[in-house]
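One structure is given below, encoded as structure tokens.
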Amino acid sequence: MRVITGTARGRRLKELPGMETRPTTDKVKESIFNIVQFDVEGRNVLDLFGGTGQLGIEALSRGAERCTFVDLRKEAAAVIRENVKFCGFEGQGKVVQGDGIAFLTGCREKFDLVFLDPPYASGLLERALEVIAKIDIMSENGIIVCESAAEQVLPELSAPYEKGREYRYGKIKVTLYRRTV
């Protein structure tokens, strides 16, 4: 697992042991960033189910202003901190060890780009989308990038949120949502 491009290009990120974390493949990560390439630079990013932090770190490497990483597991938060430091983004990365849904509920800031990649079939993706729309933490034209199993059907959200395109990569699906106003 490595940073694909930008200021930290080629850096190998530390991974979590075991099968509890399912890192986004380089192919899917590259596709995600091709889709949002013009919506990263200078933005405030949230990597909600951070795991190793690779999506948020990739965003920082490509010019995002700052990124908040959230993961429930203590060992995941520690790995994210190590990866952020290794890539030189300590001043731009904030790591929160805690429940993602609780973080959203207490969130007092707006984000331009949010990555949601929770464990598949956990119900956390749908719950996070519901809370994001209810609390309205997205800036105008903000984008939510969701990674899920290809067969998973994601919900429509109420205005001002719109469900956008879906992209399939084998057994993986990436779905975009946008806050329209």
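The values are calculated or read from the model by the stated rules, or taken from the named source; none is laboratory data. In this text, all values refer to a predicted model and were calculated from it rather than measured experimentally. Counting neighbours? That spans all protein chains shown, and the Cβs are built from the backbone with ideal geometry, glycine included. These accessible areas exclude ligands, DNA and RNA; they are computed on the full protein's heavy atoms, side chains included. Shrake-Rupley method; radii C 1.70, N 1.55, O 1.52, S 1.80 Å.
Of all residues in segment 124-135, those that are open to solvent by 40 Å² or more (accessible area, probe 1.4 Å) and either among the charged types (D, E, K, R) or over 19 Å from Thr24 (Cβ atoms) (or both) total 5.
Of the helices (runs of 4 or more DSSP H) contained entirely in segment 15-132, those carrying at least 1 residues that are among the charged types (D, E, K, R) and without any contact (Cβ under 8 Å) to a residue 12 or more places away in the chain fall at 74-86.
Among the conditions (1) modelled with pLDDT of 90 or more; (2) open to solvent by 20 Å² or more (accessible area, probe 1.4 Å); (3) within 25 Å of Ser122 (Cα to Cα), the only one that Pro23 does not satisfy is (1).
For segment 142-152, indicate whether the set of residues that are open to solvent by less than 10 Å² (accessible area, probe 1.4 Å), outside any helix (DSSP H, G or I) and farther than 22 Å from Pro23 by Cβ is non-empty. Looking through segment 142-152, at least one residue is open to solvent by less than 10 Å² (accessible area, probe 1.4 Å), outside any helix (DSSP H, G or I) and farther than 22 Å from Pro23 by Cβ.
Scanning segment 153-181 for residues that are open to solvent by 80 Å² or more (accessible area, probe 1.4 Å) and either of a type in the set (D, E, K, R) or assigned to a strand (DSSP E or B) (or both) yields a total of 6. Among the criteria (1) in contact with a Leu (Cβ under 8 Å, 6 or more places away or on another chain); (2) crowded, with 16+ Cβ neighbours inside 10 Å, the one Ala77 does not fulfil is (1).
To keep it simple, each residue is scored yes or no on (1) within 26 Å of Arg165 (Cα to Cα); (2) among the polar types (S, T, N, Q); (3) open to solvent by less than 50 Å² (accessible area, probe 1.4 Å).
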position	(1), (2), (3)
Val40	yes, no, yes
Val70	yes, no, yes
Phe86	no, no, no
Gly93	no, no, yes
Gln97	no, yes, no
